[in-house]
Each structure stands twice: as C-alpha cells, then as structure tokens.
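K.L.:
Provided herewith is a single structure, encoded as structure tokens, for subsequent inquiry.
The values are calculated or read from the model by the stated rules, or taken from the named source; none is laboratory data. Remember, it's a predicted structure, so these values are computed and weren't measured experimentally. Cβ: placed from backbone, ideal geometry, glycine included. Neighbour counts: every protein chain shown. Just the protein is used for accessible areas: all its heavy atoms, side chains included, with ligands, DNA and RNA removed. Shrake-Rupley method; radii C 1.70, N 1.55, O 1.52, S 1.80 Å.
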Amino acid sequence: MKSSKAKSGKKQPAGEVTLKIDGKEIKAKEGQNLVQVARANDIFIPSLCYYEHIDPPLGTCRVCICEIDGKPSPACMQKVKANMEVRVNTPQMEDTRKAIVEMMFAEGNHFCPACEKSGNCSLQHMGYEMGVSISRFPHLFKDRLIDFHPKRMIIEHNRCVKCHRCVEEVLTKEGKKVFSICNRGNETVVGIDYEQEAKLTQEEALAAMQLCPTGAILVRGQSMAKPFGDRRFDNQSVQKEEQDKKAVVEAAVKAAKEKKVIATISLAGCFGCHMSMLDIDLGFIDLLEVVEFNKSPINDIKKFTKQCDIGLIEGGCCNSENVETLREFRRKCDILVAVGECAIWGGLPAMRNMIPLEECLEEAYLNSITTVAGEHIVPYHEDLPKILDKVYPCNEIVKIDHFIPGCPPNPEHIWKAVKNLLWGDHYSILYSEFKYD
Ligand code: SF4
Ligand code: SF4
Ligand code: FES
C-alpha cells in the first residue's frame, strides 16, 4: 500500500495519516479511534456500547457499523490508518444500523413512556435519531426478572442490551467486578454480585446507572429524578452534544491565543476571597494558560499597566483610599465584579454602620484594652486615608456589572463565573458550590 505521503507528494508530519470518510479527506493521528476522528470532523457515527474510556472498545452492539475499505465493520473497533476509506451515510449502512436498533427493541421489553431512563437513554435516543417507529422484527416478549435484591440498585433485565459496559467498568474499591455475563444465547443476562454491589457507595451506584446506556440499572430513590424538558435528550441530540464539545475546545484554543487580562484587589475585606481564588490549586496553572494578571495582590503588581478585561473586587469601601482604588478599577476594567459579601453589601466590616463613627474611633483608639496608657490619640495625618462615615458596598460608589455571593464564594464558582463572562462558557452552579454547612 502506498503511504499518504507518497500519494499526495506533500510532507506529512510523523504519525499523521490521511483517510477518507464519506468522501471527505481527513488528517488524523495514526491509531486514533475512528468514531472519535469522524466526530471531530463533523461526521456522526452512531454508537451505543462505545465508551471512550474503555480501551480496547467493547464492540458488542454493532450500532456503529460502517463500510470500511469495502467491508461492513464496527467503526468503534477501528483505529485509523493511512488511506482508509470509510462510508458512513450510505442508504445500505443507514438501514443496517437501523435494523440493529430495531432488533434491540424487539429483543427486550421497552415501554419508554413508563421508563425511568426515558429522555436520558441512549437506546431510545438512537431510535429517534434513526427514525425507528416500529420494529421490522417480531417482538420476543421475554418475561425477564426485575431484580430488587441489590442494596442500592434495581436491575431491570428487560431493558439490558448486553453492551458489557457495566461488566467492564463497575468495580469495587478492591477492583472486584460487580456485574458479569450469565447464561448463553437468548437467555443471556447480566448477573449482579449482591455482596460486591453492597460495597458500592451511593455515588458509585449512581455512576453505574449513568454508565448504562439504557434503563437496565436503576438506583433506588433516583427514578424520574429529572422532569420532562430537563432530560438529557429532550433538547439536544448526541450530534449536537459533539458539536458543542468541539465548540468549547475551539473557544478554549482561541482564548489561549488571546490571553485575557484580570485585575484583582482587596478593599475592606479579609483576603478570604483572594484565598478562595487561589483554592483552585493546580487549576490555577491551567488558568494561567489563558489569562494574565495585571494589578493584583496575587502577583504583587501594584499599578495598572494596561486596560483589563475584568476586575475582581473583594471588600467594600471603609476609607477614602478604598474609594479611589475602586474608581480606578472602574476606569481600568471593562467588566467589574463584586466578589463576596463584603464587596456586595459591606459584610462584617459594615457592622460598624450601626454605631456612630465617633464612638467607633473612641472604642478603637481611646477606650480599647490595647490602648497604650496615656496615649489618648485618634490617629490623624493628611497622608492617612480618611475613614468614611460608614462602610459602603461597592455598587454605591461605582457601577458594578456582576456579583458573586458567598463568604468567601466557592473557588470553582468564582472561576466558572469569570470564564463565563470572558468567553461565554456555559456553566451550572452545583449544590456543593453554595452550601456552607
Ligand atoms: S431503556 Fe431506553 S429504550 Fe428501553 S424502555 Fe427505557 S427509555 Fe425506552
Ligand atoms: S445493564 Fe446496562 S450497562 Fe450493563 S450490559 Fe445491560 S445495558 Fe449494558
Ligand atoms: S458502538 Fe461499536 S460495536 Fe457498539
């Protein structure tokens, strides 16, 4: 076989190969998985058992069948190689894949409207994608067991498509398998080891439920957890999900080329919000790939050297210097964000707002137990910032564009919000990000 280099006459980077999928010439790394290469190039190959973390792929369902170098083969089992010729969307291949999905519906008992996984089920979704409305094969109507014995799970054998995902991936902490294949032929079922299943945590059981592409593995108390309209496939198809993932990667690559500039400051705050910003630990290294810090206590740059994309303000304003600094941030930052309770409404320092300023100063400097005997002086010098009559939230001094509540706000939450403001990255707020007990 001629190498692609010889064929095109152009120098090809080492390890890169050229192949054709549905007539489109594609470059990829030799040995990459064909399903992934196709999807990265906007050609969707349907799949069911394929799960990118299981290597080698399971190859059990055959839903991904394509014509590869003239022969029908499961695409998920193929690694790309030079001059490979793949045909995905031919009438024959489309019908073969549809027939396979129809067979699955005929082999099991799938009553989607009453199924807990409906809307989140890959089999159901494949049916929609391929336009399956009726099976050309006779239904077997097998009477299979629904197993309520496991501690956390319910196993609905009527819905299992024997993809083997659970067999390969659901393990106890000691590495023991929880599921295994039992019986043969049409009587094949996925067996569960009750003893091992009882060792799984609730989170591990939930992960198993998500891993199962159908509604065969359920977790007690989790059925119908999402209302209609919020379920995974209610609003978008796998094809759209792939495109969205690609768009996120492209946005990150673009962002990496044009670093955004961040400034931060602590006014009347305790530096807790800054500590929280640093609490993303190693994530901070990734962050530095896409942003640079200008004026900030994080890098100890004391003066602005350029206009910034975003300014993060910790603390409210308790003195004239805070007010000046905040106004400077407003001028130098395109987007200004109040981070934490002190910046948003004054926080703990604002407790003094209930007491006249004079009394506060007397308490602090004249009557305090730490006052040096004989030194009855309230400090005053023209170089010292003037204390304000009360502690002001930032939005009473300048326009604040966004607020991130919390004391301090959760680190993940801060950076998710910043990434959203800078690059429009979608994000959702997790329960763990706003619970503080
Ligand atoms: S497992 Fe999927 S296809 Fe089967 S009944 Fe449930 S939703 Fe329908
Ligand atoms: S229980 Fe689910 S994950 Fe396991 S083999 Fe059946 S369909 Fe696949
Ligand atoms: S996705 Fe390829 S065989 Fe199942």
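K.L.:
Within the chain, what percent of beta bridges assigned by DSSP are antiparallel, to the nearest 5?
P.N.:
Bridges in the chain that DSSP calls antiparallel: roughly 60 percent.
K.L.:
Now for a separate question. Taking every alpha carbon pair in segment 142-238, what does the distance histogram look like in 5 angstrom bins from 0, in percent?
P.N.:
2, 12, 24, 25, 17, 11, 7, 2
K.L.:
Spelling out what I want: for every residue of segment 42-53, take phi, set θ = phi - 60°, compute 6.51 cos²θ - 1.76 cosθ + 1.60 (Karplus), and round to whole Hz; glycine and proline get x.
P.N.:
6, 10, 8, 9, x, 8, 9, 7, 5, 9, 4, 7
K.L.:
Below 16 Å, Cα to Cα, which aspartates and glutamates can LYS303 reach? Residues fewer than 8 away in the same chain don't count.
P.N.:
Cα-Cα hits under 16 Å: GLU292, GLU321, GLU324, GLU328.
K.L.:
Could I ask something else about it? When the Kirkwood radius is taken over all Cα pairs of segment 36-182, what Stokes-Einstein diffusion coefficient follows at 20 °C and 1.002 mPa s, in µm²/s?
P.N.:
Approximately 126 µm²/s, per Stokes-Einstein.
K.L.:
Run lengths n ≥ 4 of DSSP H only: what is the helix-derived mean residue ellipticity at 222 nm for the chain, with -39500 (n - 2.57) per run over all residues, to the nearest 500?
P.N.:
Helix contribution divided over all residues of the chain: -8500 deg cm²/dmol.
K.L.:
Show me, for segment 307-316, the HN-Hα J-couplings you get by feeding each phi into the Karplus relation (A = 6.51, B = -1.76, C = 1.60, θ = phi - 60°), rounded to Hz, glycine and proline as x.
P.N.:
Taking θ as phi minus 60°, the curve returns 5, 10, 6, 8, x, 10, 10, 9, x, x Hz for segment 307-316.
K.L.:
Carbon-plus-sulfur fraction of the accessible area of the chain, 1.4 Å probe, in percent?
P.N.:
Here it works out to 55 percent.
K.L.:
Where in segment 367-387 does the label zone of ASN353 land, with the point 7 angstrom along Cα→C-beta and an amide N cut-off under 20 Å?
P.N.:
Backbone N within reach: 386-387.
K.L.:
Suppose R0 equals 56 Å. What FRET efficiency, 1/(1 + (r/R0)^6) with r the Cβ-Cβ distance, do ALA247 and ALA198 give to the nearest 0.05?
P.N.:
With a Förster radius of 56 Å, E is 0.85.
K.L.:
Output wanted: per-residue J couplings in Hz (rounded whole) for segment 128-136, from phi through Karplus 6.51 cos²θ - 1.76 cosθ + 1.60, θ = phi - 60°, x for Gly and Pro.
P.N.:
Per residue, the Karplus-derived 3J(HN,Hα) values read 4, 4, 9, x, 7, 10, 8, 8, 6 Hz.
K.L.:
Taking a 19 Å limit on the Cα-Cα distance, which of the listed pairs LYS226/LYS416; LYS259/LYS295; LYS142/LYS162; LYS27/LYS81; LYS199/LYS226; LYS332/LYS390 fall beyond it?
P.N.:
Over 19 Å apart, Cα to Cα: LYS226/LYS416; LYS199/LYS226; LYS332/LYS390.
K.L.:
Restrict the search to segment 266-348; then list the trypsin sites (Lys or Arg not before Pro) that DSSP places in a loop and that have at most 12 other Cβ atoms within 10 Å of their Cβ.
P.N.:
Here the trypsin sites (Lys or Arg not before Pro) that fit, given the DSSP loop and packing criteria, are LYS302, LYS303, LYS306.
K.L.:
Among rounded, prolate and oblate, which fits segment 97-157 when a ≥ b ≥ c are the square roots of the eigenvalues of its C-alpha gyration tensor, a/c under 1.5 means rounded, and a/b larger than b/c means prolate?
P.N.:
Verdict is oblate for segment 97-157.
K.L.:
Do any of LYS71/LYS117; LYS260/LYS399; LYS24/LYS98; LYS117/LYS151 go past 31 Å between their Cα atoms, and which?
P.N.:
Table pairs above 31 Å Cα-Cα are LYS71/LYS117.
K.L.:
Provide the descending list of Cα extents for the chain along its principal axes, expressed in whole angstroms.
P.N.:
Principal extents (Cα only, largest first): 97, 64, 40 Å.
K.L.:
Another question, if that's okay. For the chain, give the magnitude of the charge dipole about the Cα centre (Cβ charges: +1 Lys/Arg, -1 Asp/Glu; no others), in debye to the nearest 20.
P.N.:
2440 debye
K.L.:
Anyone know which of GLU116, GLU314, GLU174 comes out most mobile in the 10 Å Cα GNM of the chain?
P.N.:
GLU174
K.L.:
Could I ask something else about it? Mind listing the long-range amide H neighbours of VAL391? Cut-off is under 5 Å, sequence gap 5 or more, other chains count too, H placed in the peptide plane at 1.01 Å from N.
P.N.:
ASN353
K.L.:
Solvent-accessible area per residue for segment 136-225 at a 1.4 Å probe radius, Å²?
P.N.:
Accessible area per residue: 54 Å².
K.L.:
Tally Lys and Arg at +1 and Asp and Glu at -1 over the other residues with C-beta under 13 Å from the C-beta of ASN109: what net charge comes out?
P.N.:
0
K.L.:
Show me the GluC sites (Glu not before Pro) within segment 257-311 that DSSP assigns to loop and that have at most 16 other Cβ atoms within 10 Å of their Cβ.
P.N.:
Counting only loop positions with at most 16 other Cβ atoms within 10 Å, the GluC sites (Glu not before Pro) in segment 257-311 are GLU258.
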